[in-house]
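Notes follow the structure.
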Amino acid sequence: MLLQMVSTVNNSSLLQPGFSLLNFDGHVFFFGQKGWPKRSCPTGVFLLNIKQNELKMKPAFFSKDSCYLPPLRYPALCTLRSDARADEYQYIIHGGKTPNNDLSDKIYFMSLVSKASKKMTFQCIEKDLGGDVPEARYGHTINVVHSRGKSMSVLFGGRSYTPLEQRTTEKWNSVVDCLPSVFLIDFEFGCCTSYVLPELQDGLSFHVSIARDDTIYILGGHSLQNNTRSPNLYKLKVDLPLGSPAVTCTILPGGISVSSAIVTQISDNEFVLVGGYHSDNQKRLECNTIVLEDSKIEIVESVSPEWTPDIKHCRMWFGCDMGKGSVLLGIPGANKQIMPDANYFYILRCKGAEEDKEEELITQICSQTSSEDPGDSAPFEDSEEFCFSAEANSFDADDADTYNEDDEEDESETGYWITCCASCNIDINTWVPFYSTELNKPAMILCSSGAGHWVHAQCMDLSETRLLHLSEANIKYFCNKHIDLNKGLQTPQKVICLKKPPMKPSRKKKTIKLSTSTKKSFLRRLFE
């Protein structure tokens, strides 16, 4: 094993506990932050560029037909292939915490669709599920199993907020273990089925799970209810016949009492277990090698790297699997009493130099490795949290990606990021909320022309008051292009009222009626 320190360039504060790393074709991408993304990278996904022991982060992009993917901390993720030995794969992302500390129950599929020049473009799709849908959670795991030519996902563990009916003012945001149910998810038909197994008595979170073919091994984990780290090693076997699936669980000897450990794969059937915690205030500095052969698992202690004094004496550590037998480890900068907001990072390479080559990884790994929010629980690894933010000037100007028309791919014009009109300027990479009701996607309104089509409210120059009125009232709306069909329903233009001066009251002429004798007397006097 080789431990090597990595120097960061002006952006070490971007990497904080709770993040995830995705490996696409040897490129490592960072995902997950505490705050909402900034203009510098609205997608919240970064390419980790490590050269000459320097770590730089470059923004990645989403295609226009992608759904919005919020920054999620402590999610469960794994790779999904059409079969166990397929070359192409995508990532499944489930659950996690949003920047508002809300828990997500959504499932996203993320794939790399374009790798032109320096511009990496992803497609993100949200999947709808039915049946026994898992509740919103974090600190859990998800894996893919293959049996009889079919594939399904298995979700287990995690934590969630206390149910509303059980909350009190003092413990409103307290968390509890999720029930130890095993969820089998069929993405082809979009359905979920939960299984209650007698061998699984306590809820677990921040555990490690390794999947191979039709078997999943669950190792370690922390239970809030008992405040213990399970020493058990669970073996889940999933059979997918033509009828109903069958899930069985077996408790095996030789487990390790650890939580928040990291697993990386170094060969087809060999893995390395790194880091984690033995107890509330004791880090686990030992390393283990895990070997899977046929239907057996063997866990043996391996030679640990020469940990630096900073790592040995730091109060906590965090990290994630980078793929290809490498692990990114971080320790808080406060341990060095210099730049307390910064973190210091190391790369642990678990393979020898002669073994560090491209190879096909046919086994899915899913491990929860990061620390949790303060106040959620008493255990040590769940007592620290760091603020995450990305400022526009945190990237070097020399490393900024330049736009090139040749890099653009043909993308479908659907979803929130369409070109709704000739003057539309809504773009997923530059958009910022305009209305107070917007959160993570632009507000849209349906034009009733023909079969109907969606347009951005901002492109139609709709005021917020008018937009709210149209969304609440049951009336039709026509966009600027089709207003001639019904001008009365178009947002009226602001008309400046001219003030007219009040007219002065006219004086009426009075008519005096004289009798004949009076007229004659008047004329006589006039000519005398």
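Just to be sure, is GLU170 at pLDDT below 90, open to solvent by 50 Å² or more (accessible area, probe 1.4 Å), outside any loop (DSSP other than H, G, I, E, B) and not small (Gly, Ala, Ser)? No. Per the listing LEU184, LEU179, LEU240, the residue uniquely out of contact with any Pro (no Cβ under 9 Å at 6 or more places or on another chain) and closer than 25 Å to LYS97 by Cα is LEU179. Among the residues of region 49-83, count how many are crowded, with 23+ Cβ neighbours inside 10 Å and among the polar types (S, T, N, Q). Number satisfying all stated conditions: 1. For region 33-63, filtered to residues that are more than 17 Å from the chain's Cα centre (by Cα) and of a type in the set (Lys, Arg), the residue that is nearest to GLN123 (Cα to Cα) is LYS58. Look at region 274-290: where a residue is farther than 14 Å from CYS314 by Cα and a partner is basic (Lys, Arg) and crowded, with 19+ Cβ neighbours inside 10 Å, sitting 6+ places away or on another chain with Cβ atoms under 9 Å, you get VAL274/ARG284; HIS278/ARG229; HIS278/ARG284; SER279/ARG229. Of all residues in region 240-265, those being of a type in the set (Gly, Ala, Ser) and touching a residue at least 60 places away in the same chain (Cβ under 8 Å) number 3.
Against the condition touching an Asp or Glu at 6+ places or on another chain (Cβ under 8 Å) and either over 23 Å from ILE347 (Cα atoms) or outside any strand (DSSP E or B) (or both), how does TYR108 come out, does it pass? It is true that TYR108 is touching an Asp or Glu at 6+ places or on another chain (Cβ under 8 Å) and either over 23 Å from ILE347 (Cα atoms) or outside any strand (DSSP E or B) (or both).
Yes/no per residue for (1) within 21 Å of LYS283 (Cβ to Cβ); (2) of a type outside the set (D, E, K, R); (3) without any contact (Cβ under 8 Å) to a residue 24 or more places away in the chain:
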residue: ILE185; (1), (2), (3): no, yes, no
residue: SER209; (1), (2), (3): no, yes, no
residue: ASP214; (1), (2), (3): no, no, no
residue: TYR234; (1), (2), (3): no, yes, no
residue: VAL238; (1), (2), (3): no, yes, no
residue: SER267; (1), (2), (3): no, yes, no
residue: GLU270; (1), (2), (3): no, no, yes
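Any residue at all in region 28-48 that is open to solvent by 30 Å² or more (accessible area, probe 1.4 Å), under 17 Å from LYS115 (Cα atoms), out of contact with any Leu (no Cβ under 9 Å at 6 or more places or on another chain) and touching a residue at least 12 places away in the same chain (Cβ under 8 Å)? Checking region 28-48: not a single residue is open to solvent by 30 Å² or more (accessible area, probe 1.4 Å), under 17 Å from LYS115 (Cα atoms), out of contact with any Leu (no Cβ under 9 Å at 6 or more places or on another chain) and touching a residue at least 12 places away in the same chain (Cβ under 8 Å). Taken together, the residues in region 419-478 that are within 31 Å of the chain's Cα centre (by Cα), modelled with pLDDT under 85, among the charged types (D, E, K, R) and open to solvent by 80 Å² or more (accessible area, probe 1.4 Å) amount to 1.
Residues that are of a type in the set (Val, Ile, Thr) and open to solvent by 10 Å² or more (accessible area, probe 1.4 Å) number at least 2 in the following strands (runs of 3 or more DSSP E) confined to region 205-301: 246-252, 287-293.
Note on region 85-103: among residues that are farther than 29 Å from GLY26 by Cβ and either open to solvent by 30 Å² or more (accessible area, probe 1.4 Å) or small (Gly, Ala, Ser) (or both), the one that is modelled with the highest pLDDT is LEU103.
Residue count for region 173-201, restricted to those that are part of a loop (DSSP other than H, G, I, E, B), in contact with a strand residue (DSSP E or B) (Cβ under 9 Å, 6 or more places away or on another chain) and open to solvent by 50 Å² or more (accessible area, probe 1.4 Å): 6.
The values are calculated or read from the model by the stated rules, or taken from the named source; none is laboratory data. Every value quoted in this text rests on a predicted model; they were computed, and no experiment measured them. Here Cβ is always computed from backbone atoms with ideal geometry, including for glycine, and neighbour counts include all displayed protein chains. These accessible areas exclude ligands, DNA and RNA; they are computed on the full protein's heavy atoms, side chains included. Shrake-Rupley method; radii C 1.70, N 1.55, O 1.52, S 1.80 Å.
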